[in-house]
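Please read the structure below before turning to the comments.
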Amino acid sequence: MYRILTLIIFISILSFETQAQKNQVIIGNARFTLITPELVRLEYAENAAFVDEKTLFAQHRDTDFRDFTVEEKPDNRYVITTSRMRIEYHNDGFPFGQMNLRVYYNFGEEEQHWHIGSMMGNNLGGTLVTLDRIIKAVPTMDGLLSRDGWYVIHDTNKELLDKDGWIKPRHKEHIQDLYLFIYGTDYKAALSSLKAVSGPAPMPRKIVHGSWYCRWWDYTEDEYRQIVQEYKDHDFPLDILVFDMGWHTQTDATTGTGSSNNRGWTGYTWNRELIPNPEGLISDLLKENIYVVLNEHPHDGIRAHEVMYPEFMKAMGVDTAGRKEILFDAGNKKYMDNFMKYAHKESDDMGVSFWWLDWQQDFIYPVVRGTNMKHLPWLNHIYYNYSTQNNMRGAGFSRWGGWGSHRYPIQFSGDAYANWDMLEFEVDLTATSGNVGCFFWAHDIGGFYGGTDPELYTRWTQFGLLNSSLRIHSTKRPELDRRMWLYGEEATNAMRDVYHLRAQFMPYIYSSVWQCYDQMVPLNRAMYIDYPEAQESYENPQQFMFGDLILGAPITSAGEGPNKIASQKVWFPKGDTWYNFFTGQKYEGGTTTEEKCGLFTFPLYIKGGYPFPMQPYTPRMATTPLTELMVRCYPGEIGANNTYTLYEDDGFTRDYQIGKQAFTKMEYQKDAKNTTITVHPVEGSYDGQVKKRSYTFQLPEIKEPINPTVNGRKAKATRDESINGYIVEVPARSISEKVVLRW
């Protein structure tokens, strides 16, 4: 005879506890925390010394999940059940092992089980810390998603965060801390559970999704101004200008461990021989809505030659006459508080937008002193939090630091070699990176080492169109300048098309970034996340979804002939029709094609029957107000009734987290007689919101003449052969007014 207990009743006389206000079950020295139906924390501690403090991975454990039951059975055995799993535990006085814990779940035709020591054979891949010096595909770390239907994240013995957010060790009584995800093929539920325990992937500042110029080169102030002018002259957009190491002095560094046989990598004093007036330069760039990012390697700290050295040492309480330098100490709160302030304040006051934490020194300093923690994840935490001052969104431009680092976007993928194999690997890696929450990569478009082939660079740029940022970068060699107009007329024109499309796609891209935050789905996502039951989705790593409506399969091999015709396999999932963005060709779901493309196009498809939000081309794609909304709708099937929601906010602050944001619902409906596109009134508001906007409806692949109406009144449809369809323009009006286009 056994009893079934629910979590709304607290019965203290039993040998275990179910806590009425928490999602926990305590059985002796074991604690089970039910976070979602798919996620349970398995914790074992001597003397029941459980841990509630945060870690870099686990931020939220006390969820409001209550939908589970607990059963007490004979012989000190217990069963905890959610809709996704059944946990059977024997309280035998020992930590979790193969004998006392089993977790059962339905997957496929038979019931499966997991236990400590279960081997995973079908992980779908994750990401890498960095692509530094990688020349071709290599194995990635495991991701959260697996065709086995489960995954475990081990947080055992990881450092805790105290109430001030600083690291501290665990006590040795805390023996096991595991997070077991059971999700079957519901990969979105797995990612949602990751959000539940580790927090969402915050929205980056909108500018990081724009166009970046970045190069390792010692540019002068005049040369930076010339670069900006060249972007304008050659008709390319620009949002961010990155200053690599040349911005600070290097040759006056005579102490320190250095890097690459050079003590000048760490530096915080402006090189005023190259840049005499950084204040004026940054001010002028900001007036043009171009934002400056500075590179840094902090491993040698603030040394005696730096201009801020006296203030820093005074703040540290150290007499500079008696001691010349303090070793970099990321585990010392006083040191890091003062280091972050004095190393960055002068440049921050000039208007620097954020910092590029280019940490590569684990070979010298593998762990934070006094801990078992590597520097990179901890520095990512510190730098991201620092960048959130004055209500700004954090900007953690740095390499991937492991579980929990999704909270510190945007990630820098490192110094990859430029070749076709590497481009192919980067496409696959970007999609599988979403499996660990790494949604926002800033790749070195074109590669860091090598890569002077205009065709390769153009194809890499096309991949960059469908990425979280369009950022170019290269090493310090004269021939490796990624300014697009240096690669010949044909490549320049092809890449200009990509940059213009990137600017036009920004409303859709930014709406998809919101979805990453809100729903914890990757921006670039492998096909199986949206189509988990289709075997083909596991067999086509050359393609991915970019948000909900775009399917991309970038070209990753050299073409043939004068037009550089290259081919790529594309699989179209069932349930939708798909249209080639460049040619308008229609493809039915459930089919496969071998797409052949010249240098100016690549396999890029939009779902039919959905409103796709765009904007006119602008050289400042991330900051130009959306006063004209372009809505492109490829034909849907009869019976279509589809919705897409445009998302907007101020692009810079964290106000979106307190509801200062706007949503515009757009609907596409088609019956046997009419097609209707409805742009609903905007819901919500934020600082700087436009109050009026015009609308341009692009209706591609319509051959027969149409007689449209807008809000019941006859409207003009203009034939546009470039889209093989029609354009309907609606003059500016209040964003609170509904716009209904029907034909």
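Between ASN76, PRO95, ASN106, the Cα set farthest toward the positive side of the dipole of the range 65-114 (charges on each charged residue's Cβ, about the Cα centre) is that of PRO95.
Express the carbon and sulfur contribution to the solvent-accessible surface of the chain as a percent, rounded to the nearest whole number, probe 1.4 angstrom. Kindly include the intermediate steps, with their values, before the conclusion.
Values: 13990 of 28930 Å².
Carbon and sulfur: 48 percent of the exposed surface of the chain.
Distance distribution note for the range 14-125: the fraction of Cα pairs above 17 angstrom is 57%.
Principal axis extents of the Cα atoms in the range 512-568, from largest to smallest and rounded to whole angstrom, are 46, 27, 14.
Which FRET efficiency value, to the nearest 0.05, do you get for ASN122 and ILE227 by plugging their Cβ-Cβ distance into 1/(1 + (r/R0)^6) with R0 = 51 Å?
Working: r = 48 Å, r/R0 = 0.93.
Working from the Cβ atoms, E equals 0.60.
Starting with the highest mean, order 675-684, 349-358, 195-204 by the number of other Cβ atoms within 10 Å, averaged over the residues of each peptide.
195-204, 349-358, 675-684
Stokes-Einstein diffusion of the range 178-279 at 4 °C, 1.567 mPa s viscosity, Kirkwood radius from Cα pairs, rounded to a whole number: 73 µm²/s. Neighbours of THR254 by Cβ distance under 15 Å: Lys/Arg scored +1, Asp/Glu scored -1, total -1.
Histogrammed with a bin width of 10 Å, the alpha carbon distances of the chain distribute as 3, 13, 22, 24, 19, 12, 5, 1, 0 percent, first bin at zero.
Here the simple spin-label model places points 7 Å from the Cα toward Cβ, and for ASP362 and ARG477 these points are separated by 2.6 nm.
One way to sum up the overall shape of the range 638-677 is the equivalent ellipsoid from its Cα gyration tensor, whose semi-axes run 33, 7, 6 Å, largest first. More than 16 angstrom separation, counting every C-alpha pair in the range 541-591; what % is that? Counting every Cα pair in the range 541-591, those more than 16 Å apart make up 48 percent. Short to long, the 10 Å bins of the Cα pair-distance histogram for the range 217-333 hold 12, 37, 28, 17, 5, 1 percent of all pairs.
Suppose R0 equals 56 Å. What FRET efficiency, 1/(1 + (r/R0)^6) with r the Cβ-Cβ distance, do LEU486 and THR257 give to the nearest 0.05? Don't jump to the answer; show the numbers that get you there.
On the way: r = 36 Å, r/R0 = 0.65.
So, using R0 = 56 Å, E works out to roughly 0.95.
Note on the range 459-542: Kirkwood hydrodynamic radius from all Cα pairs is 15.3 Å, rounded to one decimal.
Scoring 62-71, 704-713 by mean Cβ neighbours within 10 Å over their residues and listing the highest first yields 62-71, 704-713.
Between the range 97-173 and the range 468-485, what's the alpha-carbon centroid distance in Å? Centre-to-centre distance over Cα atoms comes out at 36 Å. Largest first, the extents of the alpha carbon coordinates of the range 255-307 on the three principal axes equal 39, 17, 16 Å. Given the range 459-603, what whole percent of its Cα pairs are spread farther than 19 Å? Within the range 459-603, distances greater than 19 Å cover 57 percent of Cα pairs.
A Cα-only calculation for the range 437-491 places Rg and Dmax at 11.4, 39 Å.
Diagonalising the gyration tensor over the Cα atoms of the range 337-471 and scaling each eigenvalue by 5 before taking the square root yields semi-axes of 29, 18, 15 Å, largest first.
For the range 119-233, the direction-averaged projected area of the alpha-carbon convex hull comes to 13.3 nm².
Ligands, DNA and RNA are left out, and with a 1.4 angstrom probe the accessible area of the range 143-284 is 35 Å² per residue. Kirkwood analysis of the range 274-382, using all unique Cα-Cα pairs, places the hydrodynamic radius at 15.4 Å. Taking 20 °C and 1.002 mPa s as conditions, the range 574-630 diffuses translationally at an estimated 157 µm²/s according to Stokes-Einstein applied to its Kirkwood radius (Cα pairs). Remark: for residue pairs LYS334/LYS374; LYS287/LYS691; LYS188/LYS692; LYS188/LYS574; LYS54/LYS172, the C-alpha separation exceeds 25 Å in LYS188/LYS692. Candidate cross-link partners of LYS73 among the aspartates and glutamates, defined by an alpha-carbon separation under 16 Å and a same-chain spacing of 8 or more, comprise GLU17, GLU88, ASP92. Quick one: check the C-alpha center-to-center distance for the range 498-513 versus the range 340-403, whole angstrom. Using only Cα atoms to place each centre, the spacing works out to 28 Å. Spin-label model, LYS673 to HIS171: label points 7 Å out along the Cα-to-beta-carbon direction sit 7.6 nm apart. Both the radius of gyration and Dmax for the range 539-634 are 15.0, 43 Å, in that order, over alpha-carbon atoms.
Run the numbers for LYS714 and LYS569: contour at 0.36 nm per residue of separation, minus the present Cα-Cα distance, in nm. Before the final figure, lay out each step's value.
Numbers: separation 145, 0.36 × 145 = 52.20 nm, distance 4.38 nm.
47.8 nm is the gain from fully extending LYS714 to LYS569.
Could you calculate the FRET efficiency of ASP64 with ASP186 from 1/(1 + (r/R0)^6), where r is the beta carbon distance between them and R0 is 25 Å, rounded to 0.05? Show your work: numbers first, answer last.
Working: r = 20 Å, r/R0 = 0.80.
That gives a FRET efficiency of 0.80.
What translational diffusion coefficient, to the nearest whole µm²/s, does the range 590-743 have by Stokes-Einstein, given a Kirkwood radius computed over alpha-carbon pairs, a temperature of 4 °C and 1.567 mPa s viscosity? Value of D from the Cα-based Kirkwood radius: 76 µm²/s. For a paramagnetic label modelled on ASP329 (point 7 Å from Cα along Cα→Cβ), amide N atoms under 19 Å away belong, within the range 144-170, to 162, 165-169.
Select from the chain the helices, each a whole stretch of DSSP H, whose alpha-carbon atoms run 27 Å or more along the helix axis and whose Kyte-Doolittle mean is at least -1.0; answer none if there are none. Mind showing how you got there, number by number?
Working: long enough: 489-519 (42 Å, -0.61).
For the chain, where a helix must reach 27 Å along its axis and average at least -1.0, the hits are 489-519.
With the convex hull drawn around the C-alpha atoms of the range 593-657, the volume per residue stands at 169 Å³. Accessible area per residue for the range 417-532 is 21 Å², calculated with a 1.4 Å probe on protein heavy atoms, without ligands, DNA or RNA. Computed over every Cα-Cα pair of the range 637-725 and binned at 5 Å starting from 0, the pair-distance distribution P(r) comes out as 3, 10, 17, 19, 17, 12, 10, 7, 4, 0 percent.
The values are calculated or read from the model by the stated rules, or taken from the named source; none is laboratory data. Fair warning: this is a prediction, and the values are worked out from it, not measured in the lab. Cβ: placed from backbone, ideal geometry, glycine included. Neighbour counts: every protein chain shown. What goes into the accessible areas is simple: the full protein's heavy atoms, side chains included, and nothing from ligands, DNA or RNA. Shrake-Rupley method; radii C 1.70, N 1.55, O 1.52, S 1.80 Å.
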